[in-house]
Every structure is written in structure tokens, then in C-alpha cells.
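Below: one structure, written as C-alpha cells.
The values are calculated or read from the model by the stated rules, or taken from the named source; none is laboratory data. Quick caveat: nothing in here was measured; it's all calculated off a predicted structure. Cβ placement follows ideal geometry from the backbone for every residue including glycine, while neighbour counts extend to all protein chains displayed.
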Amino acid sequence: MATFFEGLSSKLQETIKKLKSKGRITEKDLKEVTREIKLALLEADVNFKIVKDFINKISERALGQDVLESLTPGQQVIKIVHEELIELMGSSQSKLTFSPKPPSVYMLVGLQGAGKTTTCGKLGNLLKKQGKNPLLVACDIYRPAAIKQLQVVGNQLGIPVFSMGDKLNPVDIAKASIEHAKSKQYDTVLIDTAGRLHINEELMEELKNIKNAVKPQEILLVVDAMTGQDAVNVAESFSGKLGIDGVIMTKLDGDTRGGAALSVKAVTGKPIKFAAIGEKMNDIEPFFPERMASRILGMGDVLSLIEKAQAAYDEKKALEMEKKLRTQQFTLEDFLDQMQQMKKMGSLTDIISMIPGLSAKALKNVNVDEKQMVRMEAIIQSMTPGERSDPSILNASRRKRIAAGSGTSIQEVNKLLKDFQDLKKLLKNMSNIGKGRGGLGKFRMPF
Amino acid sequence: MSFFEKLKQGLQKTRKGITERIDQVLVSFGKIDEELFEELEEVLITSDVGVETSIKIISDLRKAVKEKKVTNPQNIREMLKYELKKILNKGENRLNISTSPSAIIVLGVNGVGKTTSIGKIASLLRKEGKKVVIAAADTFRAAAIDQLEIWANRAEVDIIKHNEGADPGAVVYDAIKAAKARNADVLICDTAGRLHTKKNLMEELKKIHRIIDRELEGADKENLLVLDATTGQNAISQAKTFSEFVNVSGIVLTKLDGTAKGGIVIAIESELGIPVKLIGVGEKMDDLQWFNPDEFIDALME
């Protein structure tokens, strides 16, 4: 995660610095900050028109607004930007819908090379894991060996593939596949269609015919996350000519900032349902709009900290925490408190990676993943208040009791204590950085 | 149909986009001022030229306008054309494959059209009288070998392949032996699509190169990076990262027949100095063409 953010936010931070210690957002402040935001969004491949509308909206909202006491004007603008970005991306995760009358049919459509065939396999795999009985249908009769590719993928996954070769009309193949699914009790059908340019009328017509013939539950547009300014045209065409119900973003495991996601969402109004994030067949996951918003802006660090500092803590508590950090009185109780706050925010590693000036290297010592968090919580909750405030009293028998009480092992208890120590060390360094820059303290870090 | 006409046809959508907007801008301004430059900058950015490169082009344009004391907005079009041509004319656009055999390694992220481009390059070279051998070294993607084989048949060239999952290095090794034995002029190696962020796969590329360097010592070598015209600013990152591992000598820009403007090649040539060598303007065998920067810009701006 850190890689997206490295370097990207430095320019913005500079701009923000200039805007410090003013009580109200002026037009001049705004112009400077919005220019940086505009460039950041454009470099992330968000469509130009959308960026323009977006910046106008931000300016309207921000101008003349009183700056919250805890923020600088620049931070305040970014806070507004982030809120609007999430608004634009959609704030909640959108799930695949199923037909009340099986089979539920899904058509995967998109440009050549977007990753339809692979995604078809991945989605089938996901459905299978959810207890569905999927059937993959090979309707791409044009690309050489496309059918073979789907068959190989299906084979790997143990999911049957319906094909009738490349001589028949795709509409007939699709129709026949539904009959086949009905007779063989498949409850979900994934139709892999031929990749096409959105301006290819003939092939778009074919898609419409397939749609009319099979009445899909959903048409899913597969979009390469690396798509540039043209994403708008692609989404507009497929959405306008064919109608789509959702989007799958592929190749998000690269280093693209993925502005296409924003463009596609803005133009079609349809939710992005899945993100494909790797080459393996289980590398697909539900799409979280909020995370994407941060990634696109490439300022996840700054804005998340602002957001989190605000949302999670009132000023007094934050001050207390800062003091604790400085004086190294951060206890396991605070750690637990933090963990519970963070559950709303993302993983600890994510949070740490958002702090400007900290590289991924610093994270290696703090090995905390999300699944572990639940166990860690259980461990701390199994401690007495005395133990939580002073872990040094944890002798072997106490550790044994805690392990039994939390349903974990002594090793895990030990690991937690070690992680906690590492974190404390890291936090100490961080508060030093904060002092050095004179900036971080202002963020009211939620630690 | 001449190349120029074909390119123009393929670029029709692109052309409309850029020129119409540039004309709109130029017509709507009675005089040349800062706002005009800003609007032109926008036009470039919407063509995926990228923020940095667009700013640079416009700043050069601004300088030229000032130096030549141009006052009529209508004169700006030619000047902008000149600036763009200047960037695209920096590198050598022809393939350097004069030794026999010489090697072309085709690289790129997933889904840009590597396999298809290889089929088309093979056909192009064969028609120029060269004997071509293809190495099916994408042993990773399902059915990639089958796909390449179909293209090899269409292009009427030889293909050397192993089974899926085989060591790509071994395929390349065998293909070199075959190319030598059959007195081939050019060996074209397919490679598995890889996101440039996957370091181990990038290492595999280096291995392929080591084999070629060892077995074809002194032979001309082209590393062609295939880019999808619809790709945005990430293409720069792709080109940069591939360049860290191998010496990328040229770009093949595919899918220019869509509405994508492919402006990203201008950014790549400007920022990284890698020239475009071939462009794909359609799905048919002969829809891959040698790139001519002047014609490209003319077609774009006509």
C-alpha cells in the first residue's frame, strides 16, 4: 500500500504547509490547493470532465467555510475532497444479486484485453465457494483460442464449461447454455462474451441479442483499472447501448491509481462490485469504494489521518493520547481501545502506512494483520486491568491463564506482547518525527 | 487503401476528438492569451498525454509564440503540430533487425495484445521477405500457446512451442536452435503478460535475455513493449519498470481504432525517450503498421 502513496502527497503537503494558521478558507487558498488536487486526479486518470465538475463542487462547498480548530485550511479542503470523493464512488459495498428463479445468468462484457475470460473463472470460483453451482459459457467465438482458455480455466477450478465451438452464433450458444443449465441444475451461469471495441456496432448488436435471448440477472462490465481518459467513452457506450448492472475492475494489483473507477462510476452510476487483484484464481474480492477513493487521490495518508483524527477522537482524548505517546505511557488498554477504533478504519498496517514519512520498511517490525486483530483483542480482554497497564508483571502462569481464557496459545500471547513493544518503539519514533516536522502533532494522531 | 488513409480511418474517432476541440478552442479565442494556452493544455491532457508532458509542450509552444510574435490563434495549430512532431521524431522508428537471425522480444502487461501483435509483426516481416520463427514463451496464460499457434498459421510462419507451464527459457532456447537450423532471419519471442509490479516475473524476463545474449551473440535485438492505447498514465509506469529490467527499444501501440487517443505515447517518448515503432489500427492481419510520426500527427491534426 505504501508504494501508491510514496512521493505522491509531497507536493500537496507543501501546498498545505503554506496555508497554515489561517482561520478561514480564502479564494486564493482554494485555488492553490484545488490545482494540486486537479493534477493529482488527472494523473490518476480520472476523466477531465469529471475532474472539472468535481473541483467546482469542492470550491463551492469550501469557500468561506470556517476552518475547524484542529485543522489547517489545506487540510479542511482535503477533508471536503475526500468526503466528496466517497460520495462520488458510493459509500457502501455493492453485492451481486441473484434471481429468485435459478439459474441466475450473468453476462461479462468489455473491451479486448480487459480480462473477461480470467474474471469469468475467478467469479465462478467465488460463487462456487459460496456454495453455488456455476456453469461457465464460452461465447467468444472470435478471439483465437478464447474458448480453449476458458476451458483450461474451468478445468483448473473444477467448474464445467459449456461450449459449442466457434462455428455457431454466440446468441444460439448462449440460449442453449441456459437450457443446459436448467436441465443439469446449475444455479448460476457466467457468460464470457467476445471482447470488442465499444464503437463496433456489429458486435454490440450481438451482445444485445444475447441479452434479449438469455435475460441476464446482471450484465457486468469488465474494466481494466489502467484505462485512461477513454474509460468514460467505454463506459458510456456499454451502459448506453447495452445497459449494465455493475462493474468489475481488473488488474488492480498493479501500481495504477485507478482513476478509471471513478470515471466509470460517475458516468454509469452503476456500482463497482468486484476488484480483481492478482493472477491466481482466487484473486478477486468485493470492491470497497472508500479505499478506492483514497487510492485515486493518492493522498490517502494525509486525508485519512485527517478523517480519522476527527471521527475517532474528540480533542481532549486526542491530547491525552498525544501526551501518553510522548511520555511512553501507552498501555495495552490504549492499544485495545485503538484496535476497536481502527476496526472502523482498516488494518493497523494500513493506518501506519498512511502516515507521511514512514516507509514500508518501518512496518516490517509490526506484524499485525486484520484477522489477527480479533485474536489480539481477545487476548487483551483476558487480562486484568492491572496487567493491561503494566505488561511487565505478566509471568508464565499469568500468560498461561490469558492464553486459556482467550482461546489462543502462549506463543500468541507472547507475540502480542512483542508486537506491542515494537509498536511502542515505532510510536516513539513517530512522535519524534512529528516534533521534528512540527506538523504531525496537528493531525491528532489516533494513537 | 494507402497507409495514410488507413491510419486516418483508424484514427477517425481520435482525430475528431482532438482536432475538433483544438479548433473549437482556437476559434473561440480572438487573441492569444494565457487562457488559450490553458485550454490547449486541457485538450492534450484529455488525450492521455499526461499532465507533465502537456505542461511541457504548452510551455514550449508559449515560448515559440512569443519568439515568433504570433498573434493570430489560427496559426497555433501548425505550431502545436510542430511541437508534437518534434517529440515523436526523436528516436529511430524502424526496427533494427539487420543480422540473421536477429531477435524481437515482445513484452507487456496482461491484455494489451502481445500475442495478436506477434502474429501481425510476423506477417509484416514475412511479407518483406524475411523468414520468421516464433517462440511461444508465454507458457503461463491458459491457451496462450494455442492462440499464438493460430496466428502463426495465419501469418504462415514457424512456431516453436512447449506445453503450458513449461520453462519459458527452455522454449526460447529451442526456438533459437530452430531459428539457426532453419536459417531464419528473425526470431520473435512471446512472453507471458505480467504486471510490471511483479518482480519475480520480471526476473524471468531477464533470464530469457541472458539465453538470447548467450546463444545469439552479436545479434540485433529489439525489446518491444506493447501498450494498449486505452491505457492511461500507468503506461509510463509500465514503460519505466520494464526499462529497469530490460532495455526497451520500442513501443507497439495497439487498439488505436477505438476512441482512445493514445496520447500516452507522446508522454512516453517525451519522458523516457522510447520511440513508437508499430501501431495497431484494427483487428485484421494487416492492421498493424510501421509507425510514422509525421503521418501520425498529421492524421491526428488534419
Restricting attention to the stretch A:250-283, and to residues there that are of a type in the set (Ser, Thr, Tyr) and buried (at least 24 other Cβ atoms within 10 Å of the Cβ), which single residue is nearest to the other protein chains (Cβ to nearest Cβ)? A:Thr256
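Answer yes or no as to whether A:Glu179 is modelled with pLDDT of 95 or more and more than 30 Å from the chain's Cα centre (by Cα).
So A:Glu179 fits the description; yes.
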Among (1) without any contact (Cβ under 8 Å) to a residue 60 or more places away in the chain; (2) surrounded by 21 or more Cβ atoms within 10 Å (Cβ to Cβ); (3) more than 16 Å from B:Gly111 (Cα to Cα), B:Asn247 falls short only on (2)
Counting just the residues of the stretch B:47-77 that are touching a Leu at 6+ places or on another chain (Cβ under 7 Å) and aliphatic (A, V, I, L, M), which one comes out nearest to the other protein chains (Cβ to nearest Cβ)? B:Val51
Matching residues, the stretch A:140-161, being buried (at least 16 other Cβ atoms within 10 Å of the Cβ) and either assigned to a helix (DSSP H, G or I) or in contact with a Phe, Trp or Tyr (Cβ under 9 Å, 6 or more places away or on another chain) (or both): A:Pro144, A:Ala146, A:Ile147, A:Lys148, A:Gln149, A:Leu150, A:Gln151, A:Val152, A:Val153, A:Gly154, A:Leu157, A:Pro160
If you take the residues in the stretch B:229-255 that are within 10 Å of chain A (Cβ to nearest Cβ) and assigned to a loop (DSSP other than H, G, I, E, B), which one is nearest to A:Asn47 (Cα to Cα)? B:Gly232
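Out of all the residues in the stretch A:123-134, is one or more more than 24 Å from the chain's Cα centre (by Cα), surrounded by 24 or more Cβ atoms within 10 Å (Cβ to Cβ) and in contact (Cβ under 8 Å) with a residue 40 or more places away in the chain?
Taking the stretch A:123-134 as the starting set, the residues that turn out to be more than 24 Å from the chain's Cα centre (by Cα) are A:131-134.
Right, trim to surrounded by 24 or more Cβ atoms within 10 Å (Cβ to Cβ) and you get A:134.
Cutting the leftovers down to in contact (Cβ under 8 Å) with a residue 40 or more places away in the chain gives us A:134.
The answer is yes; a qualifying residue exists.
If we scan the stretch B:63-71, do we find a residue that is in contact (Cβ under 8 Å) with a residue 40 or more places away in the chain and surrounded by fewer than 16 Cβ atoms within 10 Å (Cβ to Cβ)?
The first filter runs over the stretch B:63-71 and keeps only residues in contact (Cβ under 8 Å) with a residue 40 or more places away in the chain, leaving B:71.
Narrowing the set further to residues that are surrounded by fewer than 16 Cβ atoms within 10 Å (Cβ to Cβ) leaves B:71.
Within the stretch B:63-71 (the criterion being in contact (Cβ under 8 Å) with a residue 40 or more places away in the chain and surrounded by fewer than 16 Cβ atoms within 10 Å (Cβ to Cβ)), the answer is yes, since at least one residue qualifies.
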So the check is Cβ under 7 Å with 6+ separation or different chains; which pairs have a first residue in the stretch B:210-228 that's outside any helix (DSSP H, G or I) and a second one that's charged (D, E, K, R) and buried (at least 22 other Cβ atoms within 10 Å of the Cβ)? B:Leu224/B:Lys277; B:Val226/B:Lys114; B:Asp228/B:Lys255
Qualifying positions in the stretch B:119-150 - crowded, with 23+ Cβ neighbours inside 10 Å, touching a helix residue (DSSP H, G or I) at 6+ places or on another chain (Cβ under 7 Å) and more than 12 Å from chain A (Cβ to nearest Cβ): B:Lys120, B:Ala122, B:Val132, B:Val133, B:Ile134, B:Ala135, B:Ala137
Exactly one condition in (1) among the hydrophobic types (A, V, I, L, M, F, W, C); (2) more than 24 Å from B:Lys120 (Cβ to Cβ); (3) touching a residue at least 24 places away in the same chain (Cβ under 8 Å) is not met by B:Ala170; state its number. (3)
Cβ-Cβ under 6 Å, sequence separation 6+ or interchain: first residue in the stretch A:282-301 and within 13 Å of A:Ala40 (Cβ to Cβ) and not assigned by TED's automatic domain parsing to the domain that holds A:Ser263, partner at pLDDT 75 or above and surrounded by fewer than 21 Cβ atoms within 10 Å (Cβ to Cβ). Which pairs? A:Ala293/A:Ile86
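Just give me the residues in the stretch A:226-253 being assigned to a loop (DSSP other than H, G, I, E, B) and touching a helix residue (DSSP H, G or I) at 6+ places or on another chain (Cβ under 6 Å), in sequence order. Before you say what the answer is, go through the steps one by one.
Looking only at the stretch A:226-253, we keep the residues that are assigned to a loop (DSSP other than H, G, I, E, B), and these are A:226, A:228-230, A:243-245, A:251-253.
If the condition is that a residue be assigned to a loop (DSSP other than H, G, I, E, B) and touching a helix residue (DSSP H, G or I) at 6+ places or on another chain (Cβ under 6 Å), then A:Met226, A:Gln229, A:Ile244 are the ones that fit.
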If I go through the stretch A:166-204 residue by residue, how many of them are surrounded by fewer than 21 Cβ atoms within 10 Å (Cβ to Cβ) and more than 14 Å from every other protein chain (Cβ to nearest Cβ)? 14
Go through (1) touching a Gly at 6+ places or on another chain (Cβ under 9 Å); (2) within 14 Å of chain B (Cβ to nearest Cβ) one by one and return the number of the condition A:Leu135 breaks. (2)
Scanning the stretch B:151-160 residue by residue, those more than 7 Å from chain A (Cβ to nearest Cβ), surrounded by 22 or more Cβ atoms within 10 Å (Cβ to Cβ) and not aliphatic (A, V, I, L, M) turn out to be none
Go over the candidates A:Glu236, A:Glu218 one by one and state the one that is under 21 Å from A:Gln112 (Cα atoms), touching a His at 6+ places or on another chain (Cβ under 9 Å), surrounded by fewer than 20 Cβ atoms within 10 Å (Cβ to Cβ) and modelled with pLDDT of 85 or more. A:Glu236
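Residues checked against (1) within 14 Å of another protein chain (Cβ to nearest Cβ); (2) modelled with pLDDT of 90 or more:
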{"position": "A:Gly90", "(1), (2)": "no, no"}
{"position": "A:Ser94", "(1), (2)": "no, no"}
{"position": "A:Tyr106", "(1), (2)": "no, yes"}
{"position": "A:Gly115", "(1), (2)": "yes, yes"}
At positive phi, away from chain A (no Cβ under 14 Å) and either of a type in the set (Gly, Ala, Ser) or touching a strand residue (DSSP E or B) at 6+ places or on another chain (Cβ under 9 Å) (or both): is that true of B:Gly108 in this structure? no
